[in-house]
Amino acid sequence: MDNLLLLITALLLGYLAGSFPTAYIVGKVRSGIDIRDHGTKNMGASNVHLVFGIVYGAAVMVIDTAKGLIAVLIGRWLVPDVAWVPYAAGTMAVFGHVFPIFAGFRGGKGAATIAGVALGIHFLLGLGVLAVYGVIGFIVNTLAISSMLGFLLIPVVVFLSSAPWPAVLWSAAASALCIYRHWPNLQRYRRGEEIRFRDGLLRKQR
C-alpha cells in the first residue's frame, strides 16, 4: 500500500513538474502576451526563440529540459526499488508539458522535456537525443525531422538496454505523444513552410 501511494505521488509530481508553463510565463513577464497567440502559437522554446530571440529561447529550453530530468529523479527517489517508475514519472512530465494544468491544458510539444527524461534515465542516452536534435536538424535544416528521429530513438535504446517492459511502454508512450504533436510540423516541412533551423539559429535577440 505504501509503495502504491508513493507510485501515485511520483506520477502526480512528475505531471506537475511538466505542467510548469515556462514559455507562457516568459511571454507574460517579457511582454505581457500569451505566447500561444504569437509566432507558431506553440508554448515551447522554439517559438519563444522566434518571438523574443535566442536568449529567451535558450532559457526556456533549459528549464523545460530540467522538468523532465526532475521528474525522473523524483520517481527514482520516491520508489527506488521499482525500476520502471522513473520512466513513468518522466512520461507524466511530458504529458504535463503538453497538457499543463497551469495553462488551460494547452501546452507545448514535449521535445525539450522528453530530452530531459532521457538525460535523467541515462545521461549518454540524453546526450544522444540532443545530438540527434542538433546535428540532424542542422544538416536537413529543420527540427521537424530531427525531433522525430530523436523521439523514435528513445524507446529503441530503452528496449536495447534490457529495461523492464513497463519502462519500454512508458518510453514509447512519451515518444508517441511527441511524434503526434510534431506531425503538423512535418506536414509544413513537406509544403516548404517550416521555419529553417539554421535561419532560426541566426535570429537576433529582440
Run the quick spin-label model on residue 81 and residue 131: label points 7 Å from Cα toward the beta carbon, then report their separation in nm to one decimal. 3.7 nm
Ellipticity estimate at 222 nm from DSSP helix runs (n ≥ 4, -39,500 (n - 2.57)) divided over the chain, nearest 500: -23000 deg cm²/dmol
In degrees rounded to 10, the 0-90 angle between helix 22-31 Cα long axis and the longest Cα principal axis of the chain is 40 degrees
Extension length gain for residue 149 and residue 187 (0.36 nm per residue less Cα distance), in nm, is 12.1 nm
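Please state the charge dipole magnitude for region 5-117, taken about the Cα centre, from unit charges on C-beta atoms (+1 on K and R, -1 on D and E), reported in debye and rounded to the nearest 20.
Approximately 200 debye in magnitude.
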Compute, for region 2-201, the length of the dipole vector about the Cα centre, with Cβ point charges of +1 (Lys, Arg) and -1 (Asp, Glu) only. Units Debye, rounded to 20. 500 debye
Among [x] 28, 20, 13; [y] 37, 24, 17; [z] 24, 18, 17, the entry matching semi-axes √(5λ) of the Cα gyration tensor in Å as calculated here is [x]
Expressed as a rounded percentage, what relative contact order does region 1-111 have, with Cα pairs under 8 Å and six or more residues apart? 38 percent
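Once you keep just the Cα pairs under 8 angstrom separated by 6 or more residues, what percentage relative contact order results for the chain?
22 percent
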Below 8 Å, C-alpha to C-alpha, sequence gap of six or more: please give me the relative contact order for region 81-149 in percent. 19 percent
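Every number here is computed from the coordinates shown, using simple stated rules; none is lab data. Keep in mind it's a predicted model, so treat the numbers as computed, not measured. Positions of Cβ are generated from backbone atoms using ideal geometry, with glycine treated the same way; all protein chains shown enter the neighbour counts.
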